[in-house]
1. Of B:102, B:47, B:222, which has the largest mean-square fluctuation in a 10 Å C-alpha GNM of chain B?
2. Taking a probe of 1.4 Å and counting only protein heavy atoms, give the total accessible area buried between chains A and B in Å², rounded to the nearest 100.
3. Post the alpha-carbon centroid distance, region B:190-255 to region A:1-76, in whole angstrom.
4. If you build a Gaussian network model of chain B, linking Cα atoms that sit under 10 Å apart, which residue out of B:93, B:36, B:177 swings the most?
5. Using only the heavy atoms of the protein chains and a 1.4 Å probe, how would B:28, B:79 rank by accessible area, largest first?
6. With a 1.4 Å probe and all protein chains kept in place, how much accessible area does residue B:10 have, in Å² rounded to the nearest 10?
7. Excluding residue A:67 itself, what net charge comes from residues whose Cβ is under 15 Å from its Cβ, given Lys and Arg +1 and Asp and Glu -1?
8. Chymotrypsin sites (Phe, Trp or Tyr not before Pro), restricted to region A:2-36: which are DSSP loop and have at most 14 other Cβ atoms within 10 Å?
Amino acid sequence: MDFVSQLTLFVLAIFLGVELITKVPPTLHTPLMSGTNAISGITLVGALLAAGHGAGLLINVLGFIAVVLATINVIGGFMVTNRMLAMFKRK
Amino acid sequence: MQISQNWIDIAYLVASVLFVLGIKGLTKPKTAVRGNLLAAAGMGIAAVITLLHHSIVSYEVIIAGLLIGGAIGAVLAIKVQMTSMPQLIALLNGFGGGASVALAAAEYFQGASGTIALGATGLAVLIGTVTLTGSLVAFAKLQELLDGGSIGFPGMKFVNLLLLLGSLAAIVYLVINPGNDMVFWGLVIAAALLGLLLVLPIGGADMPVVIALLNSYSGIAASAAGFVMGNSALIITGSLVGASGLILTQIMCKAMNRSLTNVLFGVMAEGG
């Protein structure tokens, strides 16, 4: 993908992200933060690619660390958001 | 099985749409649970389709990483006390930042070349490392491993400014003279110190706002890593989280009757 296409995606997604969040009731502040935190674990995609190259020990170690950390972020993030929201429901 | 890049990019597009719908859903009480599930489904699609990418030749490291990371993440999410949620989010966010740094370092040592890839690598390392150490300080303060009050020393802001300028200079140097590993590690150390010093002076009461801001940073770090790898999923999703996280930070500041500058520069809340 060329740089200009990348930049286009970047800028448009920034505007989309700004427009996406308007009014949020205070009870949802923490779950929303937790949910978007889990989404930022998209680094997992890059981590999988880096870990799968099979390009030498140092790269493998770094790729492994990236996969472990990103997976903790993703799995922990979505599960804990779900737990928080389930708690609100019961009230 | 291997599939063409077009199908992978289409799957990334589907995942991005699910993230947008997910974030939108999370802003309303009625749709919040569904929003979280949609976003999780998007992540599942993005991860599974990536495993089919032609550049992935070995799966041992990946499987080990997914199993270990998945187990740790699940245990953390299940075991944590409801009252400890903010520090868990801080910790998870720090891991996200750490993942971006490890990823950017892997790309760097694999021989990333070209002005844009190297510049983006440097930015991913800078922002990811600040997110990592800043989030760990936020975690330690909320967990009461560190004093919850303001920790600092005279001239701290000046030191921070020097660290930031030094980091940016290191990135410029790496773009012009690639392959100097000492400068690369110097950048990591300067960014790590910057993350520590930025969050140490902030009091425990303001921590939720700081975590929201660091969450926004981790999105930008992911996006920078996307520029390094030329990966649309990382660019779109990272910038989406970066921007929405910043807006959420502002909303949270308003709800607490604080201004973002006051939080960041350690001005105490009046009467609180």
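1. The residue with the greatest mean-square fluctuation here is B:47.
2. Working: alone 7280 and 14970 Å², together 15160 Å².
Separately minus together, A and B give about 7100 Å² buried.
3. Their Cα centres are 11 Å away from one another.
4. Comparing B:93, B:36, B:177 in the GNM, the peak value goes to B:177.
5. The residues order as B:79, B:28, largest area first.
6. Number for this one is 80 Å².
7. On the way: positive: none; negative: B:60, B:107.
Charge balance in the 15 Å sphere: -2.
8. Values: sites: A:3, A:10, A:15; in loops: none.
Listed in order of number, the matching sites amount to none.
The values are calculated or read from the model by the stated rules, or taken from the named source; none is laboratory data. Treat the numbers as computed from the prediction; the structure is a model and nothing was measured. Positions of Cβ are generated from backbone atoms using ideal geometry, with glycine treated the same way; all protein chains shown enter the neighbour counts. In case anyone asks, the SASA skips ligands and DNA or RNA and just uses the protein heavy atoms, side chains included. Shrake-Rupley method; radii C 1.70, N 1.55, O 1.52, S 1.80 Å.
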